[in-house]
Structure formats: C-alpha cells, structure tokens
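Only one structure is covered here, and it is reproduced in the block below.
The values are calculated or read from the model by the stated rules, or taken from the named source; none is laboratory data. Computed from a predicted model, the values in this text were never measured in an experiment. Here Cβ is always computed from backbone atoms with ideal geometry, including for glycine, and neighbour counts include all displayed protein chains.
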Amino acid sequence: MPPVVRTCGDTGLLLELGDNRRVHAFAVAVRSAGLTGVVDIVPALDTLLVVVDPRLGATATVEARLREIEVSDAAVESSRVVEIPVRYDGADLAWIARNVRMSEREVVAAHTGTPWRVGFCGFAPGFAYLIDGDPRLDVPRRAEARVDVPAGAVALAGRFSAVYPRRSPGGWQLLGHTDATMWDTDAVQPSLLLPGDEVRFVEVAG
C-alpha cells in the first residue's frame, strides 16, 4: 500500500505511515533508493519526513518516486543493542508502582526485562523516545512539570521511556538515573541512541 505523502513547507515531504516499524522500513528504503535532491530523512512515531534541496533535485520528482517505493519488514536495518546502566532510585518510583499496581521491585524488573526500541528522537538533542517496552508500565505524565530534571534521569510517560540527556524542565515520571552520556558534541556520533536502536536497561547498585 503506497504511503500518504503530504507537502511540508517548501522543501519537505511528509509520509504518513501509521506504524513505527513501517516508518523505519521506509527510511531504509528511501536511503537505499539514492533519490536525487534528498538531503535529510527524519523518522517520527508514525511519519517520515523527507527533506529535499530544490537546488539538487525536483520535489515533484522525489514525491512521485516515494509513492512507488514498496517495503517489507525485512527492509528494516539490523539494530544496534545499547545497554544503559541504571540506579533505580527515582523520585517517582513509589508513585509509579502504586499507579500500575506493582511493587517497586516488579517495576524495576519490568523496565529491565523487556528490550525497548528507539522509535524517534526529539525534544532535545540526544533525547530518544523509547517504545515497545513492557505495556504494564504505561503511566501518565505529571500533572505539573518539574522545572529542573537532572541529566541522566530515566523516566516514563505514557507508553514511552527516555533518558534526559541534559538538565532541563520535564513532566515525565522519574524511575532512576544513569551516568551514561546521552549527548556528546565532541563525538563523531553525538547521540548515544539512534532511531531503530534496541535499548536494554541494566540495574546497577546505588
């Protein structure tokens, strides 16, 4: 089934795909197609943004080619596996346990026991939205955001988990924290996590 393609500003084409795995499959297919003029590909939860430089290629031509691309689950790239050590001492751990009707130890076991996957990145450099974890850990955001969430805070909100890459405001529920560097501007690959990566949280002693 061809994707729904919508124009997005003067240089963008937004593919509505409805499923994150299909988003990543299309991202792989678009990269492999080597379409003239495409300068960036940005996965989101259910959509894929394809950015075209009109000086290099015609947007209409790229749009026509995008409608012809066919993908399957086999087109998804093999993901990296990234382990993140966590001390489960978050300010909201007890609240999370009560909310999901589990013990704190059961919450930790659920968070570490199921691999997560980077669905997309956003909010701040290095902030990865992790999906496909244990469905029991679906908790609402805080009614009022914190003004100051420390870097390395490991958190939950809805069906997502994430690690705050830097100190910032935030409304997610805090499970614990990690010393892993999520964003390093001096590194060849600044972000520790990339879309499609598999993430495994590993409990470490406090």
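Return yes or no: is Ile84 in a strand (DSSP E or B), within 24 Å of the chain's Cα centre (by Cα) and within 30 Å of Arg141 (Cα to Cα)? It would help to see each step written out before you state the result.
Details: in a strand (DSSP E or B): yes; within 24 Å of the chain's Cα centre (by Cα): yes; within 30 Å of Arg141 (Cα to Cα): yes.
Answer is yes for this residue.
In region 18-28, what residues are touching a helix residue (DSSP H, G or I) at 6+ places or on another chain (Cβ under 7 Å) and within 20 Å of Val39 (Cα to Cα)?
Just the residues of region 18-28 that are touching a helix residue (DSSP H, G or I) at 6+ places or on another chain (Cβ under 7 Å), to begin with: 21, 25, 28.
If the condition is that a residue be touching a helix residue (DSSP H, G or I) at 6+ places or on another chain (Cβ under 7 Å) and within 20 Å of Val39 (Cα to Cα), then Ala25, Val28 are the ones that fit.
Restricting region 87-141 to residues that are part of a loop (DSSP other than H, G, I, E, B) and of a type in the set (S, T, N, Q), which is modelled with the highest pLDDT? Break it down stepwise before answering.
Going residue by residue through region 87-141, those that are part of a loop (DSSP other than H, G, I, E, B) are 88-92, 101-103, 114-115, 122-127, 132-134, 138, 140-141.
Then keep just the ones that are of a type in the set (S, T, N, Q); that gives 103, 114.
Numbers: Ser103: 98, Thr114: 94.
Among them, the one singled out is Ser103.
If you take the residues of region 182-205 that are without any contact (Cβ under 8 Å) to a residue 60 or more places away in the chain and among the aliphatic types (A, V, I, L, M), which of them is surrounded by the fewest Cβ atoms within 10 Å (Cβ to Cβ)?
Val188
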